[in-house]
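Report on the following structure.
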Amino acid sequence: MIKFKNVSKFFDSQTVLRNINFYIDRGEMAFVTGPSGAGKSTLLKLIYLDEWPDEGEITVGDFHLTSLKLSRVPLLRRSIGAVFQDFKLINNLTIFDNVALSLRVRGINEKDIKTPAHEALKKVHLRHKAEDYPQMLSGGEQQRVAIARAIVAEPMLILADEPTGNLDPNTATGISRLFREINIQGTTIIIATHNRDLFKGSGKKVFQLDAGHLIGEEVG
Amino acid sequence: MAFPYSIKSAVRSLIKEKWINILSILTVASSLLIITLTSFTLYNLELATSRLPERFSMIVYLKTGISKEETQTIINNLKNRPEIDNIKYISKETALKELKQKLKDAPYILEGLDENPLASSIELKLKKNFVTESNVNIISKMLKNIHGVDDVYYGEKIAETIHLLKRSVENISIIILLSIAAGVVFVTYSTVKILFYRKKDEIEIFKLLGATGGFIRTPFIIEGSAIGFFGGVLSIIGALIFYFAITYRLSAVIPILKNLVFPLEFLIALPVIGIFLGIVGSLIAIGRLRL
């Protein structure tokens, strides 16, 4: 499903990721952990091509990213649901429209958008906030909207960058449970986090990054 | 299909950014009004100059003492020439009679004339498309070579002026039209560029969610064409005010204005021109998106 082979990434002369190799199978849930600046976010960005690898090969499903044409990048991104650390919600759109955007960019008819968007909001327990705007919601609620937007189109893969970074422990636990429920339904999930509570005792793969190097793989 | 969403998104942006959009619409409307007035001027000058060649004539003076038969041969010869529209023979007696008629207020000028000093002549009207400086020169030379023709008179400068006037007006109008059209494109370009930068974060999110270039561009193109369309509609109103001001108000003071023709078909084209220029401006503003 996701394969990194000798992948390196540099910013100017600085090495951000060096010689990364790993494999994550379809339907798996894996964690990428490490201290700040270890390269966790960059690793996720390489998967949805917000950054391009300088060396090595990356495969995501049927997409060979190293040789991927620019015109196919939107197709790759549509097969991924991304949850960003800063949520990346659009403030002048309602919660419903933020979630529906994921379907609209896929060219889905307006009449076929309402039901799945409301379903996704229901899964994150925010159905009642559909007509509100992002700034009216708490950090935890905004994070759940971002998750609803990521899952609404039922992508093959969900990437989450520090999904509990700004949340209190209770809300973080709720978000963690939500990801596990999504994973049980067969969606591959990769979560970048420095919060060990998120993967402790989960029985899932945990990749440890430090200063751009993959220093270990363990089971959480 | 994302098109309904693109329209909704463009309408939302038109309303949200109303001041910049209203300003652009007004600028486009003024520019299109100038285009209309230039076209109107060009159209009327074209009409006026197209009538000028009809007034152009050449006078062929015949030698004194040529016989009636020779005169008739010259007339027949001229009648068969393709560039000549019609001819009128003026005998020396008719010419004197006409002269006397013209000088009836000062008959002493012709007193003391023992014999008629005027020559018989033939007045030629050329076909409209032959009234150019070079054609008239060639025809004049040809006429002078005809046996029995003494001299040829024509308003050389008139033929030249007609052409020069037409060409100058056309050239100036084309320059004005192109400059104003470029102005309209620039206005929509600037507006869409500003709107595009204002929505930069939003566009980044669209890209990360998998939006194509078309999905991102379409609302901006719709917005640019809407600015052009509304500018066109407003310029119709301006042009109609101008038309009624000329026809009903100014023509009472300046009667010549009554002769002006205002083709109302021009007006229908304005929103279409506005949309076209708006789309061109938007496309240049957005350019190629890096996904």
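The values are calculated or read from the model by the stated rules, or taken from the named source; none is laboratory data. None of these values were measured; they are calculated from a predicted model. With ideal geometry, Cβ positions are generated from the backbone for all residues, glycine too; neighbour counts draw on all protein chains shown. For the accessible areas, the whole protein counts, side chains as well, though only heavy atoms, and no ligand, DNA or RNA atoms are used. Shrake-Rupley method; radii C 1.70, N 1.55, O 1.52, S 1.80 Å.
Small (Gly, Ala, Ser), buried (at least 18 other Cβ atoms within 10 Å of the Cβ), in contact with a helix residue (DSSP H, G or I) (Cβ under 6 Å, 6 or more places away or on another chain) and away from chain A (no Cβ under 14 Å), is that true of B:Ser13? Lay out the reasoning, then the answer.
Numbers: small (Gly, Ala, Ser): yes; buried (at least 18 other Cβ atoms within 10 Å of the Cβ): yes; in contact with a helix residue (DSSP H, G or I) (Cβ under 6 Å, 6 or more places away or on another chain): yes; away from chain A (no Cβ under 14 Å): no.
Taking the combined requirement at face value, the residue does not satisfy it.
Is one or more of the residues making up segment B:124-137 of a type in the set (Phe, Trp, Tyr), surrounded by 13 or more Cβ atoms within 10 Å (Cβ to Cβ), over 22 Å from B:Thr73 (Cβ atoms) and assigned by TED's automatic domain parsing to the domain that holds B:Lys63? Break it down into steps so the answer makes sense when it comes.
Looking only at segment B:124-137, we keep the residues that are of a type in the set (Phe, Trp, Tyr), and these are B:130.
Still in the running and surrounded by 13 or more Cβ atoms within 10 Å (Cβ to Cβ): B:130.
From the residues that got through so far, the ones that are over 22 Å from B:Thr73 (Cβ atoms) too are B:130.
Going one step further and asking which of them are assigned by TED's automatic domain parsing to the domain that holds B:Lys63, we end up with B:130.
Scanning segment B:124-137 turns up at least one residue that is of a type in the set (Phe, Trp, Tyr), surrounded by 13 or more Cβ atoms within 10 Å (Cβ to Cβ), over 22 Å from B:Thr73 (Cβ atoms) and assigned by TED's automatic domain parsing to the domain that holds B:Lys63.
Looking only at segment A:97-134, count how many residues are over 13 Å from A:Val152 (Cβ atoms), within 14 Å of another protein chain (Cβ to nearest Cβ) and in contact (Cβ under 8 Å) with a residue 24 or more places away in the chain.
So the answer is 2.
One residue is enough: does segment A:154-176 have a residue meeting the conditions touching a helix residue (DSSP H, G or I) at 6+ places or on another chain (Cβ under 7 Å), part of a helix (DSSP H, G or I), of a type outside the set (Gly, Ala, Ser) and within 14 Å of chain B (Cβ to nearest Cβ)?
No, because not a single residue in segment A:154-176 is touching a helix residue (DSSP H, G or I) at 6+ places or on another chain (Cβ under 7 Å), part of a helix (DSSP H, G or I), of a type outside the set (Gly, Ala, Ser) and within 14 Å of chain B (Cβ to nearest Cβ).
List, please: which pairs have Cβ atoms under 6 Å, are six or more places apart or on different chains, and start with a residue in segment A:159-173 that is within 28 Å of A:Leu49 (Cβ to Cβ) and end with one that is open to solvent by 40 Å² or more (accessible area, probe 1.4 Å) and assigned to a loop (DSSP other than H, G, I, E, B)?
A:Asp161/A:Gln85; A:Glu162/A:Gln85; A:Thr164/A:Asn195; A:Gly165/A:Gln85
Go through segment B:215-250 and give me each residue that's among the small types (Gly, Ala, Ser) and touching a residue at least 12 places away in the same chain (Cβ under 8 Å).
B:Gly224, B:Ser225, B:Ala226, B:Gly228, B:Gly231, B:Gly232, B:Ser235, B:Gly238, B:Ala239
Quick one: which residue in A:Ala150, A:Ala192, A:Ala211 is closer than 21 Å to A:Asn98 by Cα and open to solvent by less than 70 Å² (accessible area, probe 1.4 Å)? Even if it seems obvious, please write down each step before you answer.
On the way: A:Ala192 fails: closer than 21 Å to A:Asn98 by Cα; A:Ala211 fails: closer than 21 Å to A:Asn98 by Cα.
Answer to the selection: A:Ala150.
Quick one: count up the residues across segment B:17-38 that are in a helix (DSSP H, G or I) and open to solvent by less than 30 Å² (accessible area, probe 1.4 Å).
Within segment B:17-38, residues that are in a helix (DSSP H, G or I) and open to solvent by less than 30 Å² (accessible area, probe 1.4 Å) number 10.
For segment A:98-105, does any single residue satisfy the condition of being out of contact with any strand residue (DSSP E or B) (no Cβ under 6 Å at 6 or more places or on another chain), among the charged types (D, E, K, R), farther than 19 Å from A:Phe22 by Cα and surrounded by fewer than 17 Cβ atoms within 10 Å (Cβ to Cβ)?
Step one: list which residues in segment A:98-105 are out of contact with any strand residue (DSSP E or B) (no Cβ under 6 Å at 6 or more places or on another chain), which gives A:98-105.
Those left that are additionally among the charged types (D, E, K, R): A:104.
From what is left, the residues that are farther than 19 Å from A:Phe22 by Cα are A:104.
If we keep only those that are surrounded by fewer than 17 Cβ atoms within 10 Å (Cβ to Cβ) too, we end up with none.
For segment A:98-105, residues out of contact with any strand residue (DSSP E or B) (no Cβ under 6 Å at 6 or more places or on another chain), among the charged types (D, E, K, R), farther than 19 Å from A:Phe22 by Cα and surrounded by fewer than 17 Cβ atoms within 10 Å (Cβ to Cβ): absent.
Condition check: facing chain B (nearest Cβ under 10 Å) and not in a helix (DSSP H, G or I). Does A:Ile90 satisfy that? Explain how you work it out, then say what you get.
Numbers: facing chain B (nearest Cβ under 10 Å): yes; not in a helix (DSSP H, G or I): yes.
So A:Ile90 passes the test.
Which of the residues that make up segment B:49-67 are open to solvent by 50 Å² or more (accessible area, probe 1.4 Å) and either at positive phi or assigned to a helix (DSSP H, G or I) (or both)?
Initially, segment B:49-67 is screened for residues open to solvent by 50 Å² or more (accessible area, probe 1.4 Å), giving B:51-52, B:54-55, B:61, B:63-65.
If the condition is that a residue be open to solvent by 50 Å² or more (accessible area, probe 1.4 Å) and either at positive phi or assigned to a helix (DSSP H, G or I) (or both), then B:Arg51, B:Leu52, B:Glu54, B:Arg55, B:Gly65 are the ones that fit.
So which strands (runs of 3 or more DSSP E) stay within segment A:1-82 end to end and still have 2 or more residues that are loosely packed, with under 14 Cβ neighbours inside 10 Å and more than 14 Å from every other protein chain (Cβ to nearest Cβ)? Let's see the steps before the verdict.
Values: elements: A:2-11, A:14-24, A:29-33, A:55-60.
Ranges flagged: A:2-11, A:14-24.
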